[in-house]
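Before any comments, here is the structure.
The values are calculated or read from the model by the stated rules, or taken from the named source; none is laboratory data. Worth saying up front: this structure is predicted, and the values here are computed from it rather than measured. Ideal geometry is used to build each Cβ from the backbone, glycine not excepted, and the neighbour counts take in all protein chains shown. What goes into the accessible areas is simple: the full protein's heavy atoms, side chains included, and nothing from ligands, DNA or RNA. Shrake-Rupley method; radii C 1.70, N 1.55, O 1.52, S 1.80 Å.
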Amino acid sequence: MPTLQLILEPRRGTERRRKLEVDATMLIGDCVARLVDELGYPATESCATPISYHLRVLPQRQPLPNARRFSEVGIASETHVVLEAEAASYTTQPIAAATLRSAQRVHSWRGGRRSFLITASVVTFCAVTGLGTGAVVALAQRRRNTRPQLAPASSPFVRGTLAPRVAVARLTFTGHKRTVRALGWSPNGQLLATGADDAQLLVWRADGTVQQQLAHPAPVTALAWSPESERIITGAVNQVTFLSVRTGTILASRAQPHTATVTALAWTGHNQLQAASGALDHRAITWRTTDYTPQTIFTRHTTPIEGVCWAADGQVIASCSHGGVVRVWDAENGQETHALFQNGQEPLRALAFTPTGAALAVGSDDGVTRLWEDGLQCKAMGTDNGIPVCRDAPVRLRVASSPIRAVAWSPDGRYLASGNNNGVCTLWSVLQTPQPLFSFTVAPGQAIHGLCWSSTGDQLATAAGSAVTIWSLRP
């Protein structure tokens, strides 16, 4: 097994230089996570925001990418590196390698196919293949000699008495060769599905084991699970395809009536009879999932559609477009239930109704996630150049100016996740006064194209670049 000898440099005169013996095939993020945990670095800032860490080669200024392996970045033995904390503003001072607690201390950690050994002057990492951390968030897990565990179903967090405060990367899935554009977790919690620019749909278990690999004629740009977790609908160019998860059989494939790339798909959770699609052709379509034929074609948008979602009642659909417009309409007849929402001119890239009520969250290119308390009704009607407009003002959620590319509600509707173009995911509490809980870096500089929660609400999956990371959320 090829190894590298790296030198971890101190940043203060009271600290000592350390040697790292690293498996060259190891993910850099795994190395960082284990170092952070062993050296006892803080998990959060004073405001409870998780701290992300990285390694940087001296004297270079750019950090090493946590989602890559050492062998992929061309590092030679005897390279000098420093372990640093990264804040969203990039103003956090570097954290140096600390002196280990005991000169004679030897500690080992084993979990699955990973292990490492730390002594007083040498840190050895070995036998890491397959799974990684993507980007690293400081671990809240401080218990030694134990493998980090998921929150059990009976934990206070899952019961909803405690809010998540830390995200810990549990697994990084790297089955795709190109950018992942679509992500979904089955309602029964057993499988995930991902679609990517490599024109593949992969269905896999939460341990990373691929169950189905289904080739498409073009990049897979959207997908959605059926409520019974037995079927998936996908979008590739203007083609909508219905598939059996168990057998991989194509149940139906329709290249009409969409005439441009399908960008969004949603399957109503109210029953198993309808799905919806949105596309760059300005059209949104509802589909019968008994015979897989179009039911209603909605044509009120005048710019490309980027998002569609169902309300919890299974009767109403919301769709958003590049023109900054949200339209809410009846799935059966295509009639708008009230005047359009518009709170700016920026393109809208994602939207989602809460699964437990009527709140509607919409992500925009100005970095704002707009939250309408009741997306099903309009209380303040108005007009704009003769066009009926709903004047209801949304709550504006913002932590950065980077465009919001994905939004997702927790199963109980208590929390909202948003992902932006710079690879940062933010979790919000939407009870009473909406407020941010914390943000964490998924993949620096890479857009988050997909977000989805596990059915238990204690895990969150993110898609950025060609990787999908499953994060454990902890109070």
Inspect the stretch 404-417 for any residue being assigned to a loop (DSSP other than H, G, I, E, B), touching a residue at least 60 places away in the same chain (Cβ under 8 Å), open to solvent by 10 Å² or more (accessible area, probe 1.4 Å) and more than 23 Å from GLY307 (Cα to Cα) and give the result as yes or no. no
By residue number, the members of the stretch 214-228 that are surrounded by fewer than 18 Cβ atoms within 10 Å (Cβ to Cβ) and touching a Gly at 6+ places or on another chain (Cβ under 8 Å) are none
Tell me which residues, restricted to the stretch 159-197, are open to solvent by less than 30 Å² (accessible area, probe 1.4 Å), part of a strand (DSSP E or B) and not small (Gly, Ala, Ser). VAL166, VAL168, LEU171, THR172, PHE173, VAL180, LEU183, TRP185, LEU191, LEU192, THR194
Kindly indicate the residue of the stretch 21-41 that is closer than 20 Å to GLU9 by Cβ and open to solvent by 30 Å² or more (accessible area, probe 1.4 Å) and also modelled with the lowest pLDDT among those meeting that condition. GLY40
Among the residues of the stretch 349-371, write down those that are open to solvent by less than 50 Å² (accessible area, probe 1.4 Å), farther than 12 Å from ALA318 by Cα and part of a strand (DSSP E or B). GLY363, SER364, THR369, ARG370, LEU371
Is the stretch 433-449 home to any residue that is out of contact with any Asp or Glu (no Cβ under 9 Å at 6 or more places or on another chain), open to solvent by less than 10 Å² (accessible area, probe 1.4 Å), within 25 Å of GLY269 (Cα to Cα) and not hydroxyl-bearing (Ser, Thr, Tyr)? yes
Could you give every pair whose Cβ atoms fall below 9 Å, whose first residue belongs to the stretch 312-330 and is over 12 Å from LEU348 (Cα atoms) and modelled with pLDDT of 95 or more, and whose second residue is charged (D, E, K, R) and part of a loop (DSSP other than H, G, I, E, B), counting only separations of at least 6 or pairs across chains? TRP329/ARG300
Look through the stretch 266-297, keep the residues that are of a type in the set (A, V, I, L, M) and open to solvent by 20 Å² or more (accessible area, probe 1.4 Å), and return whichever of them is farthest from LEU348 (Cα to Cα). LEU273
What strands (runs of 3 or more DSSP E) completely inside the stretch 418-475 contain at least 2 residues that are more than 20 Å from SER229 (Cα to Cα) and in contact with a Phe, Trp or Tyr (Cβ under 9 Å, 6 or more places away or on another chain)? 424-429, 435-441, 467-474
Please state which one of GLN377, GLN459, GLN446, GLN435 is touching a residue at least 60 places away in the same chain (Cβ under 8 Å) and either within 30 Å of LEU192 (Cβ to Cβ) or not β-branched (Val, Ile, Thr) (or both). GLN459
Check the stretch 223-239 and report whether any residue there is within 22 Å of GLN274 (Cβ to Cβ), among the β-branched types (Val, Ile, Thr), assigned to a strand (DSSP E or B) and under 17 Å from the mean Cα position of the chain (by Cα). no
Just to be sure before I move on: is PRO94 at pLDDT 85 or above, open to solvent by 30 Å² or more (accessible area, probe 1.4 Å) and under 30 Å from the mean Cα position of the chain (by Cα) in the structure I sent? no
For VAL399, work out the one condition from (1) surrounded by fewer than 17 Cβ atoms within 10 Å (Cβ to Cβ); (2) modelled with pLDDT under 95 it doesn't fulfil. (1)
Among (1) surrounded by fewer than 16 Cβ atoms within 10 Å (Cβ to Cβ); (2) closer than 22 Å to ALA417 by Cβ; (3) at pLDDT 95 or above - the single one ARG391 does not satisfy: (2)
Flag for ASN145 being modelled with pLDDT of 55 or more and open to solvent by 40 Å² or more (accessible area, probe 1.4 Å): no
Out of everything in the stretch 198-210 that is farther than 21 Å from PRO411 by Cβ and part of a strand (DSSP E or B), what residue ends up being most open to solvent (accessible area, probe 1.4 Å)? VAL210
Looking at GLY314, GLY344, GLY334, can you tell me which residue is open to solvent by less than 10 Å² (accessible area, probe 1.4 Å), part of a loop (DSSP other than H, G, I, E, B) and in contact with a strand residue (DSSP E or B) (Cβ under 8 Å, 6 or more places away or on another chain)? GLY314
Mind listing whichever residues of the stretch 246-265 are in a loop (DSSP other than H, G, I, E, B) and either closer than 17 Å to PRO347 by Cβ or touching a residue at least 60 places away in the same chain (Cβ under 8 Å) (or both)? ALA260, THR261
